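Peer 1: Handing you a structure now.
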Amino acid sequence: MEMFDWVGLLLKAAYYYGQIIGLCNFKIDWQRGRVVAAQRSIIFAIAINVLICMVVLLQISKKFNLDSYFSKVNQLHQYVIIVMVSLRMASGVSTILNRWHQRAQLMRMAECVFRLFLKKPQVKQMSRWAILVKLSVAVVSDFLQMAISIDSVGRLGSKQFVGMALEFWMSAIINMALSQYYLIILFVRAYYHLLKTELRQVIHESQMLSETYPRRGAFMTKCCFLADRIDNIAKLQNELQSIVAQLNQMFDLQGMMVYVGYYIFFISTNYITYSLAKNGIEQLHLTVRAVALGFSWCFFYYMDAILNLFVILNLLDDHKELERILEDRTLFTSALDVRLEQSFESIQLQLIRNPFKFEVLDIFTITRSSSAAMMGSIITHSIFLIQYDMEYF
C-alpha cells in the first residue's frame with residue numbers, strides 16, 4: 001500500500017499560495033517535473049502585481065497614519081515605526097520586481113532543482129520534518145499578522161483597512177520568498193548528506209583496496225570504478241554549489257534588505273518592549289489582546305529568522321565535513337591506481353578552489369562569527385536607543 005505523500009502536498013500548497021499572493025509568475029508541472037511559462041500564470045501574476053503596485057502608490061499618496069500601530073506615540077516611536085513599515089514595504093515591492101527581472105534565471109534554476117529532485121526522490125523524505133516545521137512557522141506567522149491587521153482595523157476603524165491589508169500582503173510575500181529560499185537550501189543540504197555517505201563508502205573501499213595485494217586486472221578495474229564514483233560526486237557537488245551561487249546572486253538585494261529588516265526589527269522590538277514596560281498598555285492605547293498578538297507574532301518571526309539562519313550555517317558545516325572526510329585518503333597504506341589518485345586530488349582542488357560562501361551583496365559573509373557579531377551589535381544599539389529615550393522622552 002502506497003503511503004500518503006503529505007510532504008509533496010505541503011510543497012504544492014506552498015507553491016499555489018505563492019501564486020495566489022503574486023510571487024510565482026510561472027507554472028510547475030508536478031507530474032512531469034517541468035517548469036513552463038504558462039500564459040494563465042503570467043496573466044494572473046501580472047494582475048496581482050499591478051494591483052499591489054496601485055495600492056502601494058495609493059498609500060504613498062496618503063498621509064502616513066501611525067494610528068495603525070499606536071494611538072499615542074512620541075517622536076522616537078514615530079521614527080522607529082516609520083522605518084520598520086517603510087523597509088517592509090520596500091522589501092515586498094523589490095521582491096516582486098526582482099521576480100520579473102530574474103524570471104528566466106529562476107525558471108532555469110527551478111528546472112535544475114526538479115531534475116536533481118527526480119534523480120534522488122529520497123531527499124524529500126530526508127527533509128520532511130524540516131519542511132513541516134518551516135512551513136508551519138510561516139503559516140502561523142501569516143495568520144498572526146492577519147489577526148493583528150483585523151484587530152487594528154477593529155480598534156481604529158475601517159479607514160486603516162487598506163494599509164493593514166497591504167502590510168499583511170507584503171509580509172506574506174516576504175515570508176513566502178524566504179520559505180522558497182529556505183527549501184532550496186534545505187534540498188541542497190539533503191543532497192550533501194547523500195554525498196557524504198557516498199564519499200565515506202568510496203574512501204572505505206579505497207582504503208580496503210590499498211591494504212590488499214594489487215592483482216593487476218581486478219585491482220585496475222576496481223580502481224577505475226571507484227574513480228568514476230569520485231568523479232560523479234565531484235560533478236554533483238559542483239552542480240549543488242552552482243545552484244546555491246545562482247540563488248544568492250538572484251536574492252542578493254532581497255537578502256540585504258531582509259538582513260537589514262531583521263536587524264532593525266530586533267532593535268525596534270526591544271525598544272517597544274521597553275516602552276510598554278515604561279508607559280503601560282493604557283497610555284499607548286493598546287489592548288491586552290493586541291499586545292498578546294504582537295508578542296506571539298514576534299516569537300514566530302524570531303523562530304523563522306533562526307530557521308533561515310541555521311539552515312545556511314548547517315550547510316556550511318556540511319561542506320566543511322565533506323572536506324574533512326576527504327582528508328582520510330591520507331590513511332591509505334599504499335598507492336592506488338593513478339586515475340583514482342587523480343580523481344581524489346581533483347575533487348580536493350575543486351573544494352579548495354571554490355570555497356563555499358554565503359555573501360550578502362558582497363558586503364559581508366554569513367558565518368557563525370558574523371552572526372554572533374550581529375547579535376552583539378543588536379544588543380548594543382538597543383541599549384543606545386533605550387538610553388536616548390530615557391534621556392529625551
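Peer 1: Can you put V56, V338 in order of accessible area, largest first, using a 1.4 Å probe?
Peer 2: Numbers: V56 20, V338 95 Å².
Output order, biggest surface exposure first: V338, V56.
Peer 1: Output the peptides 222-234, 37-49 sorted from most to least packed, where packing is the average of other Cβ atoms within 10 Å over each peptide's residues.
Peer 2: Details: 222-234: 18.2, 37-49: 14.2.
Answer by packing, highest mean first, reads 222-234, 37-49.
Peer 1: Listed here are the pairs K120/K222; K120/K357; K235/K357; K235/K320; K12/K196; which of them are more than 20 Å apart at the Cα?
Peer 2: Working: K120/K222 25 Å; K120/K357 25 Å; K235/K357 18 Å; K235/K320 17 Å; K12/K196 29 Å.
Violating the 20 Å Cα-Cα cut-off are K120/K222; K120/K357; K12/K196.
Peer 1: For segment 267-357, place one equal point scatterer on every Cα, skip the solvent, and apply the Debye formula. What is log10 of I(q)/I(0) at q = 0.12, 0.21, 0.22 Å⁻¹?
Peer 2: Debye output, listed in q order: -0.61, -1.03, -1.08.
Peer 1: Express in Å², to the nearest 10, the accessible area of C53 obtained by rolling a 1.4 Å probe over the protein heavy atoms while all chains stay in place.
Peer 2: Result for C53: roughly 50 Å² accessible.
Peer 1: Counting only protein chains, not ligands or nucleic acids, how are R368, R128 ordered by accessible area (probe 1.4 Å), most first? Don't skip to the answer; put the middle values down first.
Peer 2: Details: R368 115, R128 75 Å².
The ordering from most to least exposed comes out as R368, R128.
Peer 1: In what order, largest first, do Y302, Y15, Y259 sit by accessible area if the probe radius is 1.4 Å?
Peer 2: Numbers: Y302 65, Y15 15, Y259 40 Å².
Of Y302, Y15, Y259, the descending order of accessible area is Y302, Y259, Y15.
Peer 1: Given the rule -39500 (n - 2.57) for each run of at least 4 DSSP H residues, summed and divided by the residues of the chain, what is its mean residue ellipticity at 222 nm, to the nearest 500 deg cm²/dmol? The partial results should precede the final answer.
Peer 2: On the way: 12 runs with 309 residues, N = 393.
The helix-only estimate for the chain comes to -28000 deg cm²/dmol at 222 nm.
Peer 1: Right, something else. Leaving out ligands, DNA and RNA but keeping every protein chain, what accessible area does W169 have, in Å² rounded to the nearest 10, with a 1.4 Å probe?
Peer 2: 60
Peer 1: Now a separate question. What net charge do the residues around A130 carry, taking every other residue with its C-beta under 14 Å from that of A130, with Lys and Arg at +1 and Asp and Glu at -1?
Peer 2: Values: positive: K124, R128, K134, R189; negative: D304, D318.
Net of charged neighbours comes to +2.
Peer 1: Relative to the longest principal axis of the C-alpha atoms of the chain, give the angle of the C-alpha long axis of helix 216-250, reported between 0 and 90° and rounded to the nearest 10°.
Peer 2: 20
Peer 1: Quick check for you: with a 1.4 Å probe and neighbouring chains kept, what is the accessible area per residue of the chain, in Å²? Let's see the in-between values first.
Peer 2: Details: 20570 Å² over 393 residues.
The answer is 52 Å² per residue.
Peer 1: Defining a contact as two alpha carbons under 8 Å apart and six or more residues distant in sequence, what relative contact order in percent does the chain show?
Peer 2: Contact order relative to length: 23 percent.
Peer 1: Also: Taking the full set of protein chains and a 1.4 angstrom probe, give the accessible area of H101 in square angstrom, rounded to the nearest 10.
Peer 2: Solvent-accessible area, nearest 10 Å²: 140 Å².
Peer 1: Rg (Å, one decimal) plus Dmax (Å, integer) for the alpha carbons of segment 338-393?
Peer 2: Considering segment 338-393 through its Cα atoms, Rg and Dmax are 22.0, 75 Å.
Peer 1: Please work out the Cα center distance from segment 223-263 to segment 1-54, rounded to the nearest Å.
Peer 2: 24
Peer 1: Mind checking which aspartates and glutamates have their C-alpha under 12 Å from K134, skipping anything on the same chain fewer than 8 residues away?
Peer 2: Output for K134: D304.
Peer 1: What range in the chain is the longest one free of GluC sites (Glu not before Pro) that are in a loop by DSSP and have at most 16 other Cβ atoms within 10 angstrom?
Peer 2: Values: sites that count: E2, E211, E282.
Longest gap between qualifying sites, sites excluded: 3-210.
Peer 1: Same structure, new question: Considering only DSSP states other than H, G, I, E and B, which trypsin sites (Lys or Arg not before Pro) in segment 263-342 qualify as loop sites with at most 11 other Cβ atoms within 10 Å?
Peer 2: Values: sites: K278, R289, K320, R324, R329, R339; in loops: none.
Qualifying residues, ordered by number: none.
The values are calculated or read from the model by the stated rules, or taken from the named source; none is laboratory data. In this text, all values refer to a predicted model and were calculated from it rather than measured experimentally. Glycine gets a Cβ as well: all are built from the backbone with ideal geometry, and neighbour counts include every protein chain shown. When the accessible area is computed, the model is the full protein with side chains, heavy atoms only, and any ligands, DNA or RNA have been set aside. Shrake-Rupley method; radii C 1.70, N 1.55, O 1.52, S 1.80 Å.
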